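What follows is a set of notes on a single structure, which appears directly below.
Quick note: the coordinates plus some simple rules give every number you see, no bench work behind them. Every value quoted in this text rests on a predicted model; they were computed, and no experiment measured them. Please note: Cβ atoms are built from the backbone with ideal geometry, for glycine as well, and neighbour counts cover all protein chains shown.
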Amino acid sequence: MEALKNKIQKRDSEAVDTVERTRSGKVFVPAVDILDSDDHLTLYADMPGCEKTSIDITLENNVLSIQGNICWQPPKDYELVFNEYEVGDYRRAFTLDESIDREKIEADYNNGVLRLTLPKLEPAKPKKIAVKFS
Amino acid sequence: MDIRYMLGGNPFEEMNRLRNEMDHLFNGFNTLRRPAVYPAVNIWSNKDKAILTAELPGYDLKDFNASVIDDTLVLTGERESLKTSDKEALQRNERMTGKFEKQVRLPFPVDANKIEATYNDGVLNITLPRKEEDKPRKITIKAN
């Protein structure tokens, strides 16, 4: 179980923040679910208000970075009279372990949810040695 | 406060919230978490209409239900949790699921028959026209 948990680890934002931003505004850490199955991981990130073209996913060394720029626009000619949440960009990064096939990562974005499919490499099959007892 | 919220179906909500706060402390203050109120809403207004916006990713428009009495709006919805088979494990689970009900006081009474809702990229937008009889009337003073 520990091994599973270590497959994807969150990096603290300090490491990511060494890259400075050129956009102003707030940055949020999207909430994430990760589903682990035999041959792949699926990552779901809540990133409402983006568009497919405003989301960048980069893989450098072992770090998978998600960056989503907000496209939502406040209604014109309205005044904000009650405020519980703020709007901003999204950013989060994960380290991938060796088992992920880096060439085959897929992404799609639907109803504000980014879904990443991270296939696992074929594991080295354990060798079976038949022992015959005479 | 006029705001009431309830969360059902997720006993881990409180745990997640605590963990989020801890993460937030350790991550410093450059990056922000979503507010603990779920769902958080913003209300916009001009003299004729109010607009309620809420970031509710992963739903369909049909998953929401809104009812209005005068100036009170009750919004309900439900997002299903991810289904896992016995071959899958939910390794990280931060996203909110389950039912919610939220009651909000609007800036004025609205016409329940003229409410319109849209849902785009995970953002719910409900337009609420002000009741005719509540609109300010202009009284012209006749000059004799």
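Under a point spin-label approximation (7 Å from Cα along Cα-to-Cβ), what is the residue B:47-residue B:86 distance to one decimal in nm?
6.8
Taking every pair of distinct Cα atoms and averaging 1/r, then inverting, what Kirkwood hydrodynamic radius in Å comes out for region A:34-98?
Values: mean 1/r = 0.0694 Å⁻¹.
Its Kirkwood hydrodynamic radius stands at 14.4 Å.
List the trypsin sites (Lys or Arg not before Pro) within region A:46-134 that fall in a DSSP loop (any state other than H, G, I, E or B) and whose Cβ has at most 16 other Cβ atoms within 10 Å. Could you put the intermediate results ahead of the total?
Details: sites: A:52, A:76, A:91, A:92, A:102, A:104, A:115, A:120, A:127, A:128, A:132; in loops: A:76, A:127, A:128, A:132.
Answer in residue order: A:76, A:127, A:128, A:132.
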